[in-house]
Every structure is written in C-alpha cells, then in structure tokens.
Amino acid sequence: MDEKEAKEKSKEQLDQLFDKIKSMLPSEAEFVKAEFEGPDIVIYLKNAKAVYQDDAIVRSIASAIKKKLIIRSDESHLMEPEKAKEMITSLVPVEAIIANIKFMPKFSEVYIEAMKPGLVIGKGGSTLKNISMQTGWCPKVLRTPTMSSDTITGVRQLMFNEEDFRKKFLTNVGRQINRVITKSEWVKATALGGYREVGRSSLLLETPNSKVIVDCGISPEPAVRGSEANQNSDINRAFPYLDSANLSINELDAVIVTHSHMDHMGFIPYLFKFGYDGPVYCTPPTRDMMALLLKDYVKLVQRSGGVPLYDEKDVRKLLMHTITREYGEVTNITDEIKLTYHNAGHILGSGTVHLHVGEGLYNIVHTGDMKYGFTRLLDPASTKYPRIDALFIESTYGGSGDISPNRHDAERQLMDIIKRVIQNGGKVLIPLFAVGRSQELQLVLESYMGNEGPYKLDVPIFLDGMILDASAIHTAYPEYLKEGLRNRILNNRSPFENEIFEVIRGERAELMEKGPAIILASGGMMNGGASVDYFRMLAEDPKNAIIFVGFNSANSLGRRLQNGLKEVVLPDEDGKLVPVKVNLQIYTVDGFSGHSDRRQLINFVENIRPKPKMVFTMHGEESKCEDLARSLGRIMHIDARAPMNLDTIRLK
Ligand SMILES: [Zn+2]
C-alpha cells in the first residue's frame with residue numbers, strides 16, 4: 001500500500017467509524033461533527049442533553065468502537081461564560097470552596113478548581129451532570145492543593161494559555177494514532193540506556209508500523225560540572241543511545257514516561273529541542289513533578305556555571321505535549337499499541353507500563369522503578385495484568401546481598417541515631433530525592449516526633465530545596481496515596497503541614513549558628529543541590545551527622561562519603577572551590593528505599609499474574625542485573641536475561 005492509498009484507506013475507515021457513531025446516536029441529539037483528540041474521539045452535538053440524560057448511550061457506542069468517547073455541546077449551544085459561572089456557583093454547594101472557574105472554549109470545557117472536588121462532582125456525578133445539562137459546558141474538576149504550589153499553578157496556567165496549540169496538537173496526534181496500517185508481524189526491543197547500569201533509562205519498542213520509547217533519562221552524575229561532587233562523571237555515559245539506534249526523532253510515535261525521576265525523563269526536553277513534536281504519555285502527578293524537577297535541573301546547572309542540555313523553553317514544550325492518563329485507563333497510542341498504567345509504588349504517580357501490541361500479538365510489562373513492599377506513602381506495586389509475555393524489571397537491589405531490614409527496625413534505627421546526635425548537640429543532615437523519599441521521611445518524622453513518646457525531640461525539622469513544592473504536589477493528588485494518608489489530607493490534617501516542619505528559604509548560613517536541628521535537603525546522591533551546600537557547612541564538626549536513606553549511584557559524592565572519603569573540594573556560596581575536611585559522622589540506614597529489595601523483586605515476579613514467559617532485568621549495576629536474572633531463571637523456570645545497552649531483542 002503506498003502512502004496515497006493508505007491515506008485514502010484511513011479516510012474511508014474514519015468515515016465509516018463516524019457513520020457508525022452517528023447511527024447509534026438518538027436523532028434528537030443533532031450530530032454536528034466528530035473529531036480526534038489525542039487517543040479519544042469527541043462528538044459535538046447541538047443537543048447534548050439528549051445523550052447526557054442516558055449514560056447507556058455513550059457506553060454502548062464506546063464499546064462498539066472500542067475507543068473512549070467524549071460528548072460535548074457544539075459551540076453555538078454553550079452558555080455565555082459569565083452566566084455559566086453564576087450557574088455553576090449556584091449548583092455547587094459553598095462547602096466545596098471553589099477557587100477558580102476557567103473556560104476552554106476550544107474544548108467546550110469548564111475547569112472548576114475546588115478544595116473539595118467531591119462536592120463539585122456530587123453523588124454519582126449528579127452535580128457535574130447538572131452543570132452540563134444547564135450550561136452545555138463539559139465540567140472538569142481540579143483539586144486545589146492544601147499547600148500552595150507554584151508548579152501546579154504554573155502547569156495549569158500553561159495548559160490554559162496554550163489552548164489553541166493543545167487543540168491542534170491533539171487533533172494531529174489523533175490522526176496519527178488512527179491511521180490505518182497493515183498488520184504487524186514482529187515486535188522487537190532495543191536497550192538504549194539503563195541496562196546493566198543505573199541511569200539514562202530508555203527502551204525502544206518497534207513493530208513494522210510503530211516506534212515508541214519507554215523512558216528517556218539522563219545519568220545523574222553530570223548534573224553539575226566543575227565541582228568535585230562529580231569528578232568521576234563520564235559525559236559519554238550520560239545520555240541514552242538514541243543516535244546509535246538508527247532512530248530518527250520524527251519517526252517516533254510516542255514517548256511513555258514511567259515516573260518523574262531524572263534518570264527516567266531528564267532527556268526528553270532534549271528530544272523537543274531537536275524537533276520531536278509527538279506526544280509524551282504520563283500520569284497527571286508525573287507531569288507536574290516533571291515540571292518541578294526539569295526546571296530545577298536547568299536552574300541548578302546554570303547557577304553552577306554550566307551549560308544545561310536544554311532550557312526552560314524546551315521543558316515548556318515537553319509539558320505542552322503531554323497526554324495524561326490515570327491508572328487503569330486503556331489508551332491506544334498507535335493503531336496497534338495500547339498503553340495502560342498500573343501503580344508502581346515507587347513515587348507519587350509512578351506507573352508500571354502495560355503494552356498490548358496488535359490484537360493479542362504481544363504483551364509487555366515494564367516496571368520502571370518499583371516498590372513491592374510497605375511504605376507509608378503508597379500501596380505496593382500492582383501484580384495483576386491482563387496478559388504478559390515479557391516482563392522488564394528493575395534490579396537496583398537485585399544482588400544476592402541486597403536484603404533490606406524490615407521497615408519498623410529501620411525507623412527505630414534512624415530515630416536512635418537522630419536522638420543521639422541531637423542530644424550531643426549536633427545537627428543531622430538527611431540528603432533526599434525531593435520527590436518520593438522526602439515525603440516518606442516527613443511521614444516517619446511526623447509520626448515519631450509529632451506525637452508523645454521516647455522520640456518526641458524538641459528540635460526543628462528544616463526543609464530545604466524542592467521538597468516543599470514536591471510535598472505540595474502530593475496534596476493535590478491524594479487519590480494516588482495510601483488510604484490513611486489520603487484521608488488525612490482530605491480532612492485537612494495533612495502530615496506535610498505539621499508545625500514541626502520549618503521551611504528554609506535562602507538563609508542557610510544563619511541556620512548554622514542555631515542549635516541542634518534536623519535538616520532534610522534535596523539532592524539525594526549529593527551531585528548538587530541543597531544537600532551539598534549544607535554538607536560543606538556541617539562536615540568539619542564531628543558532633544554533626546549525615547544519614548543516607550536512599551540509593552547512591554557508583555560515582556556520586558554520596559557513595560564516596562559512604563566509602564570513607566576524608567577530604568573533598570566543593571564550591572562555597574560564591575562558587576569558589578574550597579577544600580572541606582570530612583569529620584562528621586556518616587550513617588547509612590537501609591529500609592526506606594522506594595525500590596524493592598531482592599526479596600521483594602523475587603516475590604513480585606512470583607506473584608505477578610499471569611506468569612510472564614520471559615524476564616529482562618534492567619536499572620541495576622551489572623552484577624545485580626546478572627544476579628537477579630540468574631536467580632529468577634532458576635527459581636521461576638523461565639527465560640530470564642540481563643540485556644546490555646544496544647542489545648536488540650526480537651520478542652515476537
Ligand atoms: Zn525512580
């Protein structure tokens with residue numbers, strides 16, 4: 001089939017599809033037009049009420065066409081925004097505390113931001129239904145975070161400002177997804193980064209008709225150049241092998257993001273800088289966290305005198321091209337590939353990715369980073385999938401010795417160290433990834449120190465770096481959190497807002513003059529960020545302590561401190577390099593990781609349903625990827641391998 005034929009065939013099929021939809025609508029609905037909007041189909045009607053009254057109509061059409069169907073009123077039948085605003089305010093109970101009502105005429109949508117979205121939705125969606133019946137506008141509900149977040153405000157504003165662009169972009173993506181293609185007969189995967197290593201995660205999946213990438217990260221080390229925090233970083237190992245895979249950026253159908261850590265998504269703005277203009281799929285919290293982390297990365301590199309890979313403009317481009325999906329929503333991302341996210345338990349919004357290729361041709365589960373165990377923040381990773389042929393699994397702690405202590409013991413150990421250091425008049429620094437571990441640690445400290453008991457220490461807990469905004473984003477998405485925590489946030493008792501936490505904005509040196517304190521600072525592996533700054537100020541006093549609770553990659557300053565580094569050269573507040581003697585106490589407390597330990601990884605594979613036919617290990621140092629693959633092969637009697645970067649595997 002040549003291109004012209006393919007186009008004609010596509011058009012023909014689409015006309016048939018739209019005719020089918022039309023024929024299933026009641027005639028009084030008065031069909032105006034049907035359009036693609038990303039993976040969804042939107043129907044515009046003169047009398048949408050006729051359909052709103054009967055939910056069964058939409059359900060039966062959607063199941064007949066196997067696509068998500070959105071019903072909207074035609075432009076000419078929308079109530080004037082000012083009037084609609086009044087109407088909405090009168091329909092929604094005041095207790096919902098509406099913060100904002102904004103209209104997107106291009107989408108016939110009205111966005112209602114409220115403290116209590118449940119009250120805007122109403123019982124079984126009754127209030128929403130009422131709003132659409134009365135105003136014609138299609139209501140969308142957003143939650144006001146209980147803590148203010150510049151990131152959320154910024155991302156939401158960007159989506160409104162770029163309404164015209166978004167409409168055009170989504171229409172184009174929809175056409176691309178729904179182009180008619182010949183049946184694919186093979187599926188192959190190419191490891192582009194993060195195989196037998198941690199960092200620059202990326203996997204390319206190809207069929208004769210589709211090319212999609214799962215994750216596209218950078219290695220964490222080269223984030224800040226010029227300081228000894230990164231003396232061993234190797235620029236050649238920083239980015240995925242996109243250029244070696246014979247891949248032209250314009251051929252990519254989609255980029256899928258598992259979660260918002262830099263080693264999984266830090267390279268995506270660079271794709272946009274070089275002309276990618278396709279969709280980026282992620283969950284809504286992942287989109288917002290990406291905005292926070294990528295902007296911070298650009299700032300951090302600029303401040304340290306380096307040249308970032310891309311600038312804020314490219315980050316904005318990425319955000320404008322996102323298509324968000326909740327867990328469990330099945331989405332056609334090409335004519336033959338369906339994507340579904342499931343909970344990965346790693347950080348807020350993190351997803352395992354299920355890809356269904358062809359009609360039953362092949363099924364892949366990619367875990368991204370995953371926690372199959374207890375945390376205070378999230379439920380453990382999901383193990384139920386419709387079908388699985390190949391499983392790609394992370395191996396961060398896949399080595400035979402990587403058994404972490406149980407969580408209760410780990411918490412006690414941490415609190416004992418903190419108590420001892422504080423009682424001796426020292427300060428405790430805990431370097432953390434702003435997203436994930438910080439919130440987990442906040443929950444632990446709040447639980448022990450916010451309540452009566454042997455660990456109720458009367459010292460401040462300072463938060464520095466991006467932690468505050470990251471915690472605020474958590475309060476906008478309580479439905480992604482564990483039930484108990486979700487309820488506390490919904491009832492305005494968010495642990496993140498406990499008064500034991502104090503936020504630091506810029507006066508770090510002054511803090512040093514004050515007495516004992518606990519400092520949670522972003523910059524988990526100490527490759528830059530607030531944690532390095534504090535470390536420089538705290539390092540020479542043996543009364544102080546630094547406690548590592550997360551993963552440190554091989555060349556990071558964090559790892560070198562764990563290995564007994566005695567002196568280090570670091571930039572001071574003016575950027576001048578100064579030698580720093582390391583006299584403070586150094587501790588590592590295992591058990592808080594957002595990654596599964598070895599036992600949890602094996603349990604996950606044992607419990608995952610259905611049983612995969614093949615397993616590929618990734619996201620772990622070489623020995624761990626190999627060890628885990630060997631063990632899984634033996635225990636599960638399956639074909640388990642540890643691919644190398646640039647390996648291409650024919651899956652089908
Ligand atoms: Zn991660």
Can you find a residue in region 518-530 that is touching a strand residue (DSSP E or B) at 6+ places or on another chain (Cβ under 7 Å), open to solvent by less than 10 Å² (accessible area, probe 1.4 Å), more than 24 Å from E446 (Cβ to Cβ) and not in a helix (DSSP H, G or I)?
yes
Looking at region 599-620, can you tell me whether even one residue there is over 20 Å from N343 (Cα atoms) and within 16 Å of the ligand (Cβ to nearest atom)?
yes
Can you list residue pairs whose Cβ atoms sit under 9 Å apart, with the first residue in region 348-364 being on the phi < 0 side of the Ramachandran plot and the second being open to solvent by 20 Å² or more (accessible area, probe 1.4 Å) and within 12 Å of the ligand (Cβ to nearest atom)? Count only pairs 6 or more apart in sequence or on different chains.
S350/H261
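I want to confirm something. Restricting to region 435-453 and keeping residues that are of a type outside the set (G, A, S) and open to solvent by 10 Å² or more (accessible area, probe 1.4 Å), which single residue is farthest from the ligand (Cβ to nearest atom)?
In the first step, residues of region 435-453 are kept if they are of a type outside the set (G, A, S); the result is 435, 437, 439-446, 448-449, 451-452.
Next cut, open to solvent by 10 Å² or more (accessible area, probe 1.4 Å) only: 437, 443, 446, 448, 451-452.
Working: R437: 10, L443: 18, E446: 23, Y448: 26, N451: 30, E452: 35 Å.
Of everything passing the filter in region 435-453, E452 is farthest from the ligand (Cβ to nearest atom).
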So which of G558, G550, G633, G620 is within 24 Å of R237 (Cα to Cα), assigned to a helix (DSSP H, G or I) and either of a type in the set (G, A, S) or open to solvent by less than 60 Å² (accessible area, probe 1.4 Å) (or both)?
G558
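Can you work out which of the residues in region 430-469 that are within 19 Å of H595 (Cα to Cα) and part of a helix (DSSP H, G or I) is modelled with the lowest pLDDT?
Narrowing region 430-469 to residues within 19 Å of H595 (Cα to Cα): 430-444.
Going one step further and asking which of them are part of a helix (DSSP H, G or I), we end up with 437-444.
On the way: R437: 89, S438: 92, Q439: 95, E440: 95, L441: 95, Q442: 95, L443: 96, V444: 95.
The extreme case among them is R437.
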If we keep only residues of region 357-382 that are of a type outside the set (G, A, S) and more than 19 Å from the chain's Cα centre (by Cα), then the residue modelled with the lowest pLDDT is E359
Quick one: count up the residues across region 322-355 that are out of contact with any Pro (no Cβ under 7 Å at 6 or more places or on another chain), more than 17 Å from E394 (Cβ to Cβ) and in a strand (DSSP E or B).
6
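Given the criteria touching a Cys at 6+ places or on another chain (Cβ under 7 Å), within 16 Å of the ligand (Cβ to nearest atom) and under 28 Å from I181 (Cα atoms), does I268 qualify? Walk me through it before giving the result.
Numbers: touching a Cys at 6+ places or on another chain (Cβ under 7 Å): yes; within 16 Å of the ligand (Cβ to nearest atom): yes; under 28 Å from I181 (Cα atoms): yes.
Judged against the criteria, I268 is a match.
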Mind listing whichever residues of region 259-294 are assigned to a loop (DSSP other than H, G, I, E, B) and charged (D, E, K, R)?
D277
Taking region 567-597 as the search range and keeping residues that are free of Cβ contacts under 8 Å to residues at least 24 places away in the same chain and touching a strand residue (DSSP E or B) at 6+ places or on another chain (Cβ under 7 Å), which one is farthest from P405 (Cα to Cα)?
P579
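Mind telling me which of the residues N492, N527, N498, N544 ends up being on the phi > 0 side of the Ramachandran plot and not basic (K, R)? Outline the logic, then answer.
Numbers: N527 fails: on the phi > 0 side of the Ramachandran plot; N498 fails: on the phi > 0 side of the Ramachandran plot; N544 fails: on the phi > 0 side of the Ramachandran plot.
Of the residues listed, the single one that is on the phi > 0 side of the Ramachandran plot and not basic (K, R) is N492.
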Run I101 past the list (1) within 29 Å of A254 (Cα to Cα); (2) assigned to a strand (DSSP E or B); (3) open to solvent by less than 50 Å² (accessible area, probe 1.4 Å); (4) of a type outside the set (S, T, N, Q) and report the number of the one that doesn't hold.
(1)
Check region 385-399 and report whether any residue there is farther than 30 Å from P643 by Cα, touching a residue at least 60 places away in the same chain (Cβ under 8 Å) and either open to solvent by 10 Å² or more (accessible area, probe 1.4 Å) or not in a helix (DSSP H, G or I) (or both).
no
Residues of region 243-265 that turn out to be aliphatic (A, V, I, L, M), within 16 Å of the ligand (Cβ to nearest atom) and surrounded by 24 or more Cβ atoms within 10 Å (Cβ to Cβ), as a count
3
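Of all residues in region 595-642, count the ones that are under 27 Å from I218 (Cβ atoms) and hydrophobic (A, V, I, L, M, F, W, C). Show your work before the answer.
As a first pass, look at region 595-642 and keep what is under 27 Å from I218 (Cβ atoms): 595-598, 600-601, 604, 615-629, 641-642.
Restricting the remaining residues to those that are hydrophobic (A, V, I, L, M, F, W, C) gives 601, 604, 615-616, 618, 625, 628-629, 642.
Residues in region 595-642 being under 27 Å from I218 (Cβ atoms) and hydrophobic (A, V, I, L, M, F, W, C): 9 in total.
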Which ones in region 336-365 are within 15 Å of the ligand (Cβ to nearest atom) and open to solvent by 10 Å² or more (accessible area, probe 1.4 Å)?
N343
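The values are calculated or read from the model by the stated rules, or taken from the named source; none is laboratory data. Model, not experiment: these values are computed from the prediction. Positions of Cβ are backbone-derived with ideal geometry, glycine not excepted, and every protein chain shown enters the neighbour counts. All accessible areas refer to the heavy atoms of the entire protein, side chains included, with ligands and DNA or RNA removed. Shrake-Rupley method; radii C 1.70, N 1.55, O 1.52, S 1.80 Å.
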